[in-house]
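**Student:** Dumping the structure here so I can ask a few things about it.
Nothing in this text is a laboratory measurement; each read-out follows from the coordinates by a stated rule. Just so we're clear, the structure is a prediction, and the values are computed from it rather than from any experiment. Here Cβ is always computed from backbone atoms with ideal geometry, including for glycine, and neighbour counts include all displayed protein chains.
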Amino acid sequence: MLVAMPLRLAIFASGDGSTAQAVIDACTARRIDGEVVLVLSNNADAHVLARAATAAIPSANLSRRTHPDPHALDTAQVAAVRAAGATHVLLAGYMRRLGPAMLAAYDGRLYNTHPALLPAYGGEGMYGDQVHAAVLADRQAITGATVHLVTADYDTGPVVRAVEVPVLPGDDVAHLRERVKGAERELVVEVLAELARPHRGRRLTALAASRPGSAGRRQAASSPPGAPPSD
């Protein structure tokens, strides 16, 4: 009988950690068959670290302050994730580019979430309210959220799954942000829940980066790439 390796997740976050909390809660409720084994932040004051403490999850603060040399920071991140026994890494509002050692060590198992329908409104400098403001300025009727694999360049990795969110008449940045955040958190939980399910030899492929077709409809790969291996 083929048995899937349990999902053991490291979450990288820079701020409040609402997405991290959604994942922690989903693991506790067994919506995700796995556990968060590490929360890592580049910000010593990030609320996500308090969330980790409340949930009794190990945490680490690694940044350019703790490790001024980029190579040392990169290798320290890899060491922390490996020491925690993580099988996968989720970037959930993490505001720093990963180094080559981390990208190599967890190639195909690094996931990021973005508050737009990539490739639209992605790239360096496009995060948070900047994204929502740009969507509103362009008078888009549809926006959304995307989970994608992480590569060396911002927001360019293969799309795993996306969800659309309609832009409503009268929306401002704050209202749009809250609706996208809600959809984004649920999307992340769905992707991780699928990732944690046993797979019996199926080839896992990611979607090419393309815009979903109609409002409110999810488009997904048959299963997320980088699922825990079977033995």
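**Student:** For Val39, enumerate residues with amide H under 5 Å from its amide H, sequence gap 5+ or separate chain, H modeled in the peptide plane.
**Tutor:** The answer is Ile11, Ser59, Ala60.
**Student:** Let me ask you something else. Rounded to the nearest Å, what's the spacing between the alpha carbon centres of region 14-43 and region 150-174? Just the number, please.
**Tutor:** First find each Cα centre; the distance between them is then 20 Å.
**Student:** Which three extents, in whole angstrom, do the alpha-carbon atoms of region 54-158 cover along their principal axes, largest first?
**Tutor:** 46, 29, 28
**Student:** Rg/Rh for region 110-190 to two decimals, with Rh computed the Kirkwood way over all alpha-carbon pairs.
**Tutor:** The Rg/Rh ratio comes out at 0.95.
**Student:** Another question about this same structure. Got a sec? How would Glu178, Glu164, Glu35 order by Cβ neighbour count within 10 Å, fewest to most?
**Tutor:** Least crowded to most crowded, the residues run Glu178, Glu35, Glu164.
**Student:** Taking neighbour counts of Cβ atoms within 10 Å as a proxy for exposure, in what order, fewest first, do His88, His148 appear?
**Tutor:** By the 10 Å Cβ count, ascending: His88, His148.
**Student:** Across region 7-220, what fraction of all alpha-carbon pairs, as a whole percent, falls in each successive 10 Å bin from zero upward?
**Tutor:** For region 7-220, the binned pair fractions read 8, 35, 37, 17, 2 percent.
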